[in-house]
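Below you'll find the structure, written out as structure tokens, and then a few comments.
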Amino acid sequence: MDQSTETFSSATTTTGQVARRSVRVRRLIVSAITLTVMAAVCGHALGVFKPTETNVTQLAPGVYFRKMEWQPKFIGCNQGWIVFEDFVLVIEASFPNQAEELVKEIRKTTDKPIKFVFDTHWHGDHADGNPIFIAQGASAIASEQAREQFVQKGVPSYEKQKQEKPDEYGKLKYGIPSIYFPKRMIIEDATQRVELIHFGHGHTPGDAVAWLPKHGILFTGDSCVNGPFNYTGESNTASWIAVLTEMSKLPIKTICPGHGERSDNLLIDQQRRYFVELRQAIQEGINAGKSLDEIKKSVDLPWYKEWAGVDVKERAENIEHVYKELTQK
């Protein structure tokens with residue numbers, strides 16, 4: 001274990017400080033756990049979308065995935081939870097109303113306390129529901145690289161949402177994470193092991209993922225999505241490609257993306273291909289002396305529509321972002 005890895009069995013917070021206990025919990029395993037991963041977990045990256053469906057699937061003993069609808073109304077990011085011996089770890093807080101719904105779903109599976117909620121990054125559809133879990137006694141966790149974004153961007157964004165959605169946000173106070181980790185944090189007991197990992201700047205500077213090595217399950221947040229969900233506004237696409245390359249080295253069986261259907265490790269290749277070929281196509285246009293508007297009209301990745309369901313030209317904001325990266329404008 002390198003010095004950037006932290007192993008937590010418990011955590012407490014104090015005003016302005018985070019008290020961390022780096023004690024690995026080792027307990028006698030009373031009974032062996034036999035993994036019975038459902039056949040549905042092995043869905044291909046090019047599987048059929050079910051954009052109007054929200055459902056919960058048990059992926060392995062104590063591991064659950066909640067897939068969210070995005071049409072006709074976008075209601076939040078995909079979520080998950082892992083049941084440990086004595087507590088529950090939530091993956092993604094989503095919006096406050098969806099955090100409330102997730103608590104109800106969790107209570108159908110266990111009455112153990114919700115101790116942690118992990119935000120893969122600061123965006124509201126992934127983290128604005130933190131106050132709901134904090135009220136349950138949970139501590140919010142995020143990458144150290146996301147700390148500034150929560151403060152500088154998350155707070156004003158949340159206050160704006162309170163004005164626009166008073167019925168949902170009401171008098172809730174923004175739940176900034178109280179636990180941050182530099183590169184890796186391990187939460188482990190006799191039944192489960194979850195590794196929270198920051199690979200680098202991808203979708204945002206503070207992206208992190210949740211890796212379950214016992215089950216081969218990876219919760220990717222928006223570092224890897226399945227469909228037309230990529231937002232590059234805070235990204236570094238060259239670094240994002242490197243992040244995906246490192247991520248692909250994990251022995252993944254199942255990917256639970258931040259948005260879209262779950263898949264297998266081929267989804268990472270699909271996500272990486274999008275950025276590699278998009279950058280290549282835009283660079284070719286730049287080399288040919290084309291303007292940004294001309295490049296927006298000429299970029300053509302036919303396979304992308306088969307995957308995402310929309311033409312690559314319809315994501316013009318991504319084309320513009322990459323163009324600015326490559327021209328340093």
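With Cα atoms as the point set, the radius of gyration and Dmax of segment 62-197 evaluate to 14.3, 45 Å. Would you work out if segment 179-229 is rounded, prolate or oblate? Take a ≥ b ≥ c from the square roots of the eigenvalues of the alpha-carbon gyration tensor; rounded if a/c is under 1.5, else prolate when a/b is larger than b/c, oblate otherwise. Oblate is the answer for segment 179-229, as a/c is 1.5 or above yet b/c matches or exceeds a/b.
Phi-derived couplings, Karplus 6.51 cos²θ - 1.76 cosθ + 1.60 at θ = phi - 60°, listed residue by residue for segment 185-196: 9, 10, 10, 8, 9, 6, 10, 9, 9, 10, 10, 8 Hz, with x used for Gly and Pro. The count of lysine pairs in segment 207-323 whose Cα atoms are under 26 Å apart, excluding pairs fewer than 8 places apart on the same chain, comes to 10. Oblate is the label for segment 99-172. Its Cα gyration tensor axes, ordered a ≥ b ≥ c, give a/c of at least 1.5 and b/c at or above a/b.
Sequentially through segment 310-321, phi angles give Karplus couplings (6.51, -1.76, 1.60; θ = phi - 60°) of 9, 6, 4, 5, 6, 9, 4, 5, 6, 4, 5, 5 Hz, Gly and Pro residues having no value and appearing as x. Between Asp111 and Lys171, 0.36 nm times their residue separation minus their Cα-Cα distance comes to what? Extending this stretch completely gives an extra 18.9 nm.
Placing dummy labels 7 Å off each Cα toward the beta-carbon, the span from Gln280 to Glu306 is 1.5 nm.
Values in this text are rule-based calculations from the coordinates and carry no lab data. Please read these numbers as outputs of a predicted model, since none were measured by experiment. Please note: Cβ atoms are built from the backbone with ideal geometry, for glycine as well, and neighbour counts cover all protein chains shown.
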